[in-house]
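Chemist: Here it is: the structure, laid out below.
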Amino acid sequence: MKTALITGITGQDGAWLARYLLDLQYEVHGLVRRASSPNIHRLSRICGDELNSGQLRLNYGDLIDAGSLNRVIGHVAPDELYNLAAQSHVLVSFETPEYTANADGVGALRLLEAIRQNGLASKTRFYQASTSELYGKVVETPQSERTPFYPRSPYGVAKLYGYWITVNYREAYGMHASNGILFNHEGELRGEIFVTRKISKAAARWALGERSILFLGNLDAKRDWGDARDYVRGMHLIVQQAEPDDYVLATGEVHSVREFVDLAFDAIGVKIEWSGSATNEIGRDALSGEIVVKIDPSFFRPTEVDLLLGDPRKALNRLGWRHERQFPELVKDMVMADMARQKLIKANNLNLEIFI
Ligand code: NAP
Ligand code: F7E
């Protein structure tokens, strides 16, 4: 039985990866931060039995606290360590740049050092959650493992350090350390302040009669959006390779935020009619004329990433990985999951924060 340690296990990818590895009979440990309110709602939903039975074990720690990382890694001595923990919101990184650098950049270094200092350099395989945000102001399209980086946010710059320190420890100490350069991936467990989930939740509420306007930022931003469950399968494949390396995981398809809105509302039978331009653009229900979407410039980023489109050919050729779930199916599934959740919340008068 292999042992895996997942940092960021309470996040979207961490929860799906825990589920995936438990199904493969791994002994799974997670690093969690102490929070004043419950932060294991995703794990409770998809790994509830294993949490209750103690098969999935959680250890307190923080990426900005080297002592806690040394202790947990020494105690678990994992065969595989997946570093998924991060302050992962790009706009928020402009508000908390120093913290983001500490957690997302130096955090990766702390983990690599903890592996080494515990004498695990030849045992523990390391996966670093790198990102398409490294490409930022893209210098070529599509972006592959050979495309130069040009990050456009404190988040992207912090992740650049995480990327290179992973490469450096691989080369300096012969560690099995790999980067997954993942393009956006989404699903029902996505955090609510990322644009896809914000839209799917708004569409679900609209369908259930809650007609509040959805305020968005840049509708023209284009992303290569996949399904998170396909991407955690790719993370695992990267770590299973005989040699460590860096891989792009992407769908190779691009869609705009506006297209996401169109499809999400289409899933509830509402056609959006767009009018106006720039900050005056409005999306209305074509049938009733009600305003559904407006622009709020506070969601604009000081420096935007206009377009990301990945070239996943290396992952296909070397790992045999490809995404399975198609974009329209992903959008529809997210809206349906939000409708089910909203109905449950209403029917049982539940505390929203615990069940999102
Ligand atoms: P997420 O939902 O925001 O989850 C982030 C996780 O990191 C949470 O478990 C969070 O804990 C934890 N965390 C944050 N700061 C921490 C700290 N200082 N110490 C320990 N844990 C900390 O992110 P995600 O979408 O699952 O993404 C997983 C990883 O992949 C992240 O590193 C992200 O930057 C990267 N990535 C994501 C995408 C994507 O499209 N999703 C694409 C490329 C790369 P709390 O629950 O306590 O907040
Ligand atoms: O924004 C635009 C926004 O916040 C996508 C993270 O997982 O993927 C994610 O980063 C686009 C941007 O994701 C709103 O300006 C418009 O162009 O959903 P997002 P992201 O910034 O692409 C990468 C790969 C990561 O690594 C990150 O960790 O949508 N947009 N209006 C908006 N974005 C948000 N959040 N909210 C809006 O209202």
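Chemist: I'd like the full set of residues that are of a type in the set (Asp, Glu), more than 11 Å from ligand 1 (Cβ to nearest atom) and touching a strand residue (DSSP E or B) at 6+ places or on another chain (Cβ under 8 Å), limited to the range 213-246.
Modeler: If the condition is that a residue be of a type in the set (Asp, Glu), more than 11 Å from ligand 1 (Cβ to nearest atom) and touching a strand residue (DSSP E or B) at 6+ places or on another chain (Cβ under 8 Å), then 220, 230, 245, 246 are the ones that fit.
Chemist: Starting from residues that are touching a helix residue (DSSP H, G or I) at 6+ places or on another chain (Cβ under 7 Å) and not β-branched (Val, Ile, Thr), keep the ones in the range 185-196 and report whichever is farthest from residue 233 (Cα to Cα).
Modeler: 192
Chemist: Something else: On the basis of being farther than 30 Å from residue 26 by Cβ, free of Cβ contacts under 8 Å to residues at least 40 places away in the same chain and in a helix (DSSP H, G or I), does residue 284 make the cut?
Modeler: Against the criterion (farther than 30 Å from residue 26 by Cβ, free of Cβ contacts under 8 Å to residues at least 40 places away in the same chain and in a helix (DSSP H, G or I)), residue 284 does not qualify.
Chemist: Taking into account only those residues within the range 297-324 that are assigned to a helix (DSSP H, G or I) and either away from ligand 2 (no atom under 16 Å from the Cβ) or out of contact with any Leu (no Cβ under 8 Å at 6 or more places or on another chain) (or both), which is nearest to residue 246 (Cα to Cα)?
Modeler: Going through the qualifying residues, I end up with 314.
Chemist: Continuing with the same structure: Does residue 302 satisfy the condition of being in contact (Cβ under 8 Å) with a residue 40 or more places away in the chain, farther than 25 Å from residue 90 by Cβ and not basic (Lys, Arg)?
Modeler: No, not satisfied.
Chemist: Shifting gears a bit: For residue 67, indicate whether it is out of contact with any Cys (no Cβ under 7 Å at 6 or more places or on another chain), farther than 28 Å from residue 337 by Cβ and near ligand 1 (Cβ under 8 Å from one of its atoms).
Modeler: The answer is no for residue 67.
Chemist: Can you go through 72, 28 and tell me which one is of a type in the set (A, V, I, L, M, F, W, C), touching an Asp or Glu at 6+ places or on another chain (Cβ under 8 Å) and at pLDDT 95 or above?
Modeler: 28
Chemist: List pairs: first in the range 245-273 and farther than 30 Å from residue 177 by Cα, second of a type in the set (Phe, Trp, Tyr) and part of a loop (DSSP other than H, G, I, E, B), Cβ under 8 Å, 6+ apart or cross-chain?
Modeler: 255/225; 260/225
Chemist: Mind listing whichever residues of the range 67-97 are among the charged types (D, E, K, R) and free of Cβ contacts under 8 Å to residues at least 24 places away in the same chain?
Modeler: Within the range 67-97, 71, 95 qualify.
Chemist: Looking only at helices (runs of 4 or more DSSP H) that fall completely inside the range 1-87, which ones have 2 or more residues that are closer than 27 Å to residue 184 by Cβ?
Modeler: Qualifying helices (runs of 4 or more DSSP H): 12-23, 41-53.
Chemist: If you scan the range 138-188, which residues turn out to be under 17 Å from the mean Cα position of the chain (by Cα) and of a type in the set (Gly, Ala, Ser)?
Modeler: 153, 156, 158, 162, 180, 187
Chemist: Follow-up question, since we're still on this one. Looking at the structure I just gave you, is residue 29 within 16 Å of ligand 1 (Cβ to nearest atom) and surrounded by fewer than 20 Cβ atoms within 10 Å (Cβ to Cβ)?
Modeler: No.
Chemist: Cβ-Cβ below 6 Å, separation at least six or inter-chain, first residue in the range 205-217 and within 19 Å of residue 337 (Cα to Cα), second within 14 Å of ligand 2 (Cβ to nearest atom) and part of a helix (DSSP H, G or I): which pairs?
Modeler: 214/202
Chemist: Might you let me know whether the range 337-351 holds any residue that is modelled with pLDDT of 85 or more and within 19 Å of the chain's Cα centre (by Cα)?
Modeler: There is at least one residue in the range 337-351 that is modelled with pLDDT of 85 or more and within 19 Å of the chain's Cα centre (by Cα).
Chemist: Next up: Considering only the range 117-135, I want to know if a residue exists there that is part of a helix (DSSP H, G or I) and hydroxyl-bearing (Ser, Thr, Tyr).
Modeler: The answer is yes; a qualifying residue exists.
Chemist: Going through the range 139-156 one residue at a time, which ones are part of a loop (DSSP other than H, G, I, E, B), under 26 Å from residue 244 (Cβ atoms) and within 14 Å of ligand 2 (Cβ to nearest atom)?
Modeler: 149, 151
Chemist: With respect to residue 127, is the statement that it is modelled with pLDDT of 95 or more, within 13 Å of ligand 1 (Cβ to nearest atom), buried (at least 24 other Cβ atoms within 10 Å of the Cβ) and aromatic (Phe, Trp, Tyr) true?
Modeler: yes
The values are calculated or read from the model by the stated rules, or taken from the named source; none is laboratory data. As the structure is a computational prediction, the values presented were derived from the model and not from experiment. All Cβ positions, even for glycine, are placed from backbone atoms using ideal geometry, and neighbour counts span all protein chains on display.
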